[in-house]
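Note sheet for the following structure.
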Amino acid sequence: MLKVGLTGGIGAGKSEVSRLLVEHGAVLIDADRIAREVVAPGTPGLAAVVDAFGEDVLAPDGSLDRPRLGSIVFADPQRLAVLNSIVHPLVGHRSRALEEAAPKDAVVVHDVPLLTENGLAALYDLVVVVDARPETQLDRLVRLRGMTEEDARARMAAQASRDERLAIADIVIDNDVPLERLERRVTDVWADLVRRARTPRNSAPPKGR
């Protein structure tokens, strides 16, 4: 099994890269999706979030009002840290269970938005960073996701810098390119990952080569 950490700043296009890797055969463990599952209605995770932030973060149907919570935490690093302290251990536990269930020869891709921020690079055999210029990220968040520019900038500022992400990368995928070029790059990266997965661990290239 090859354990790959996939990360990138918000709006960099990481979801598109993870989709393409799955098409090639990767086993995807999506931290964002799991983060939603662990705070679903009736879960201990949601109860803990409500204890920390109050019932104002609940939607009328009892689910988590994620936009409301986001507007609170992404403007306040201390409150963001509180949320992370609740959600991240739950996500980690579920992610490990899914990894253990994957085939032994799989390329397991952990899609982790905050991999850099939480110092998780050492958990993986290698780290793939999806990179885009900040101007590109901002444009995508405003134009494609409908965020206000203020909200988009706040969410970008709450994450690691572009340089900090690139510093932990073993492989960088440039996503300031047309989709066709991105697809070709992901195909090349997949071939590299498969080669690594088939290489005996004691003779594999060292991490961070």
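The values are calculated or read from the model by the stated rules, or taken from the named source; none is laboratory data. Just so it is clear, the model here is predicted, and its values are computed rather than measured. Virtual Cβ from ideal backbone geometry, glycine too; neighbours counted across all protein chains shown. To get the accessible areas, we keep the full protein, side chains included, count just its heavy atoms, and leave off ligands, DNA and RNA. Shrake-Rupley method; radii C 1.70, N 1.55, O 1.52, S 1.80 Å.
Some observations on this one:
- Checked against the criterion of being touching a strand residue (DSSP E or B) at 6+ places or on another chain (Cβ under 7 Å), at pLDDT 95 or above and polar (S, T, N, Q), region 51-63 has no qualifying residue.
- Number of the exception - residue 149 against (1) touching a helix residue (DSSP H, G or I) at 6+ places or on another chain (Cβ under 7 Å); (2) closer than 20 Å to residue 171 by Cβ; (3) of a type outside the set (Gly, Ala, Ser); (4) open to solvent by 70 Å² or more (accessible area, probe 1.4 Å): (2)
- Which listed residue, of 77, 113, 89, is open to solvent by 50 Å² or more (accessible area, probe 1.4 Å) and either without any contact (Cβ under 8 Å) to a residue 60 or more places away in the chain or touching a Lys or Arg at 6+ places or on another chain (Cβ under 8 Å) (or both): 89
- Residue pairs meeting the criteria (Cβ under 6 Å; at least 6 apart or on separate chains; first charged (D, E, K, R), in region 131-142; second open to solvent by less than 50 Å² (accessible area, probe 1.4 Å)): 140/11
- Number of the exception - residue 170 against (1) without any contact (Cβ under 8 Å) to a residue 24 or more places away in the chain; (2) farther than 24 Å from residue 72 by Cβ: (1)
- Here region 124-170 is the region considered, the condition is being under 14 Å from the mean Cα position of the chain (by Cα) and β-branched (Val, Ile, Thr), and the residue that is farthest from residue 10 (Cα to Cα) is 127.
- Residue match in region 101-110 (condition: small (Gly, Ala, Ser), open to solvent by 60 Å² or more (accessible area, probe 1.4 Å), modelled with pLDDT under 95 and on the phi > 0 side of the Ramachandran plot): no
- The single residue among 189, 128, 142, 194 that is farther than 18 Å from residue 24 by Cβ and β-branched (Val, Ile, Thr) turns out to be 142.
- Count of region 1-47 residues which are farther than 27 Å from residue 185 by Cβ and surrounded by fewer than 23 Cβ atoms within 10 Å (Cβ to Cβ): 12
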